[in-house]
Each structure stands twice: as C-alpha cells, then as structure tokens.
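Novice: Before we start, here is the structure in question, set down as structure tokens.
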Amino acid sequence: MSKVKIKSTTVLAIKHNGKVAIGADGQATMGNHVAKSNVKKIRTFLDGKIVVGFAGSTADAFTLLERFEEKLHAFNGNMKRAAVELTKDWRTDKYLRRLESMMIAANKDEVLIISGTGDVLEPDNDIAAIGSGSVYAQSASMAMKKHAKDLDAKEMVKEGLTIAADMCIYTNHNFIIEEPAQ
C-alpha cells in the first residue's frame, strides 16, 4: 500500500457560484532546498474540459497523469469513471502502487481528489486541497466561501494559495490557475 507523504506543494480547487477553478504553486523541492520555482503542476485534458493538479513526486505524477488521460479517452471523457478506474489500477498494479502522488481533477461541474490509497473523493464545501499547504489553503477558502461571497472561484483559489504560500515553506507564490472549459 502506498504511503503518501505529500509535501512540497499546494494544489487547490474550488467550485463557487457555478464556476470551478484549480491552481497550484510552482515550487519543487529536493530535500530541504528549492530546486525549481516555476514548475507547472496543472495539466489540461480534452481540450481544457478537464484540469488536473498534482502533488508529490513529479515523475510519479506524470506517470499517473498519462494513465488518467488514457482512462478519460477509454470512458469518453467521464471524469469520475476515469478516476475510479485509475485508482483501481493504482492500488492493484505492482508498479503503480509504489507511486507517491495525489491529484485533484476538475471539470465544469465537479471536483475530485484522487489518491493511491484508493480514494476518489468529492470534497465537502466544494473545496479540494492537497499538498503541504493544503490545510492553510482549505481553511482560507472555507472562510472566503462563507464571508466573501462576492469573489469568484478563480479569485478564491488565488487568495487561498497566497495564504498557503505565506505559511508553508514548501509552497511559493508562482501560481498557475486554470478554469475548466465549458
């Protein structure tokens, strides 16, 4: 079974007022130093209709992203079905189950957290966060959804990531934020 000890990034997705946004910082660390500050941890699939952010080992994440894309094509873009099938493979395949990464996938209607422990979760409050700064980003986002209803999903993601970057040494302020295509 995969021991997922994700640190060194923050990925945040929010569904708010009928819109979805997902973003991540750009910091990659090796041990206790910053190796790169502008890594793109957000990928789009199916002409931008599905956006995925990842945390964890980059090589592991790329392997999983390729498999996820294959599943999306196999199941005609059905994100939830592709995620479930990916996690089945992830848990049972001798090679894949050693991969240490997590993902958040989003389309215009839903947000999913996908892990190697077999989880495909639809988060409470339409807020999903993974990585070392996830608790900060999620807490800030919950407060914004409650008290700053005039912000849109993209603005909330930016503010949530900013607070995480201010608090978490493994998260920087180089954000990439995407909205799934309608």
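Novice: Let me confirm something: among 108, 15, 80, which residue is part of a loop (DSSP other than H, G, I, E, B) and either surrounded by 14 or more Cβ atoms within 10 Å (Cβ to Cβ) or small (Gly, Ala, Ser) (or both)?
Specialist: 108
Novice: List every residue pair whose Cβ atoms lie under 6 Å apart, where the two residues are 6 or more positions apart in sequence or sit on different chains, the first residue falls within the range 145-158 and is part of a helix (DSSP H, G or I), and the second residue, located anywhere, is of a type in the set (Lys, Arg).
Specialist: Listed by first residue and then by second, the contacts come to 153/19.
Novice: Considering (1) free of Cβ contacts under 8 Å to residues at least 60 places away in the same chain; (2) over 30 Å from residue 88 (Cα atoms), say which one residue 161 fails and leave the rest.
Specialist: Result: residue 161 fails condition (1) only.
Novice: Test of understanding: among 65, 99, which residue is touching a residue at least 12 places away in the same chain (Cβ under 8 Å) and under 25 Å from residue 154 (Cα atoms)?
Specialist: Of 65, 99, the one residue that is touching a residue at least 12 places away in the same chain (Cβ under 8 Å) and under 25 Å from residue 154 (Cα atoms) is 65.
Novice: Taking the range 123-138 as the region of interest, how many residues are farther than 18 Å from residue 105 by Cβ, in a helix (DSSP H, G or I) and touching a helix residue (DSSP H, G or I) at 6+ places or on another chain (Cβ under 8 Å)?
Specialist: Counting residues in the range 123-138 that are farther than 18 Å from residue 105 by Cβ, in a helix (DSSP H, G or I) and touching a helix residue (DSSP H, G or I) at 6+ places or on another chain (Cβ under 8 Å) gives 1.
Novice: If I ask for residues that are at pLDDT 95 or above and under 18 Å from residue 58 (Cβ atoms), which ones from the range 6-34 would you list?
Specialist: Listed by number, the residues that qualify are 10, 11, 22, 23, 24, 25.
Novice: I'd like the residue in the range 61-77 that is crowded, with 19+ Cβ neighbours inside 10 Å and touching a strand residue (DSSP E or B) at 6+ places or on another chain (Cβ under 8 Å) and, out of all such residues, is farthest from residue 176 (Cα to Cα).
Specialist: The residue in question is 72.
Novice: I want to confirm something. Restricting to the range 35-57 and keeping residues that are within 16 Å of residue 90 (Cα to Cα) and assigned to a strand (DSSP E or B), which single residue is modelled with the highest pLDDT?
Specialist: It comes out as 54.
Novice: Could you give every pair whose Cβ atoms fall below 8 Å, whose first residue belongs to the range 49-61 and is without any contact (Cβ under 8 Å) to a residue 40 or more places away in the chain and more than 15 Å from residue 23 (Cα to Cα), and whose second residue is hydrophobic (A, V, I, L, M, F, W, C) and outside any strand (DSSP E or B), counting only separations of at least 6 or pairs across chains?
Specialist: Every condition considered, the pairs that remain are 58/39.
Novice: While we're looking at this one, here's another question. Going by the structure shown, is residue 99 surrounded by 15 or more Cβ atoms within 10 Å (Cβ to Cβ), in contact with a helix residue (DSSP H, G or I) (Cβ under 7 Å, 6 or more places away or on another chain), under 25 Å from residue 138 (Cβ atoms) and of a type in the set (A, V, I, L, M, F, W, C)?
Specialist: Considered against the rule, which asks whether it is surrounded by 15 or more Cβ atoms within 10 Å (Cβ to Cβ), in contact with a helix residue (DSSP H, G or I) (Cβ under 7 Å, 6 or more places away or on another chain), under 25 Å from residue 138 (Cβ atoms) and of a type in the set (A, V, I, L, M, F, W, C), residue 99 comes out as yes.
Novice: In this structure, does residue 113 turn out to be under 26 Å from residue 32 (Cα atoms) and β-branched (Val, Ile, Thr)?
Specialist: no
Novice: A further question follows. Would you be able to say whether some residue in the range 158-179 is surrounded by fewer than 16 Cβ atoms within 10 Å (Cβ to Cβ), at positive phi and modelled with pLDDT under 95?
Specialist: no
Novice: Looking at (1) of a type in the set (Gly, Ala, Ser); (2) in contact (Cβ under 8 Å) with a residue 60 or more places away in the chain; (3) surrounded by fewer than 19 Cβ atoms within 10 Å (Cβ to Cβ), which is the only condition residue 134 fails?
Specialist: Condition not satisfied by residue 134: (3).
Novice: Still on this model: Would the range 58-75 turn up any residue that is among the small types (Gly, Ala, Ser), modelled with pLDDT under 90 and more than 18 Å from the chain's Cα centre (by Cα)?
Specialist: No, there is no match, as no residue in the range 58-75 is among the small types (Gly, Ala, Ser), modelled with pLDDT under 90 and more than 18 Å from the chain's Cα centre (by Cα).
The values are calculated or read from the model by the stated rules, or taken from the named source; none is laboratory data. Remember, predicted model here, so these are calculated numbers, not experimental data. So basically every Cβ, Gly included, is an ideal-geometry build from the backbone, and we count neighbours across all protein chains shown.
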